[in-house]
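Below is one structure, written out as structure tokens, with a few remarks after it.
All of the numbers you see were taken from the coordinates with simple rules; none came from a lab. Small disclaimer: the values here were computed from a predicted structure and weren't measured. All Cβ positions, even for glycine, are placed from backbone atoms using ideal geometry, and neighbour counts span all protein chains on display.
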Amino acid sequence: MESNEFIATKDQLKNIRAFVKSHLNEKDFSKDETENIILAVGEASMNIVQHAYKGGNEDKKIKVEIEINEKKLFVHLFDQGKPVVPENIKPRDLKNIKPGGLGSFFIGEIMDEVKFMSKGKDWINHLVLTKNLK
Amino acid sequence: MEYKAELQGDKIIVYLDGEIDLDKTDAARKSIMDSLEKSNKIFVNLNAVKYIDSSGVSVLIEAQQKANEMEKEFYLQSPSDAVMSVLKMAKLDVFFKISN
């Protein structure tokens, strides 16, 4: 398992994406799949900055853990921001074209499973994004 | 930061590049909206965009809607594969006018 912590500000989002990219093996995922996974993690990280940390907080962190076994990739995202209410996260209807609301849609479209885990000791929110290896 | 905007005849081309994420969207929005005030025909060149997420796509949607209100022409020019992939996923490849 690979793990890193990032300051919870929008200028760090590119570093989160670079961290994930560096741990995706070309034997496990095609170039398109890799780009899509990076997009999904990018969207989830952006949601943490925007919503859990209300635009960003340089005193707070986002922890990203990557775990790969022979069948699945797991990307864990942890934060200490405002608790998420999973029932309130609804992707928008694609036919209703407007700015905003696409992030949750992309995450759900790309990943095979999206799950919020129970609150832990050190972190408020723990999101797990899962992608099956072919 | 500002993205390059070039006047070519009767149109302005705004060149976005690199990774368009939440950190870059304010600058992208400003560059495009400023150009919409100055010309009736705007192209946003996306050939050098390596990554765009929902925040970047939102800026493009806002700009298209603003152009519609102002009755101005708005095109996405030469979108990279990364951009087209995201637009297709959101079924927005038919919403925008795309020019090569």
query = Can you pull out the residues in the range B:34-70 that are farther than 16 Å from B:Tyr3 by Cβ, within 9 Å of chain A (Cβ to nearest Cβ) and not in a helix (DSSP H, G or I)?
reply = B:Asp53
key: Odd one out for B:Ser85, checked against (1) touching a residue at least 12 places away in the same chain (Cβ under 8 Å); (2) crowded, with 16+ Cβ neighbours inside 10 Å; (3) at the interface with chain A (Cβ under 10 Å from one of its Cβ atoms)   = (1)
note = So, first residue on the phi < 0 side of the Ramachandran plot in the range A:112-125, second residue among the hydroxyl-bearing types (Ser, Thr, Tyr), Cβ within less than 9 Å, six or more apart or across chains; the pairs are A:Asp112/A:Thr130; A:Glu113/A:Thr130; A:Val114/A:Ser104; A:Val114/A:Thr130; A:Lys115/A:Thr130
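Examine the range B:69-83 for a residue that is under 23 Å from A:Gly56 (Cβ atoms) and in contact with a helix residue (DSSP H, G or I) (Cβ under 6 Å, 6 or more places away or on another chain), and state whether such a residue exists.
no
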request  = Restrict the check to the range A:20-31 and report whether at least one residue is more than 9 Å from chain B (Cβ to nearest Cβ) and closer than 20 Å to A:Met117 by Cβ.
outcome  = yes
inquiry  = Just the residues that are of a type in the set (Gly, Ala, Ser), within 10 Å of chain B (Cβ to nearest Cβ) and on the phi < 0 side of the Ramachandran plot, please, taken from the range A:94-111.
reply    = A:Gly103, A:Ser104
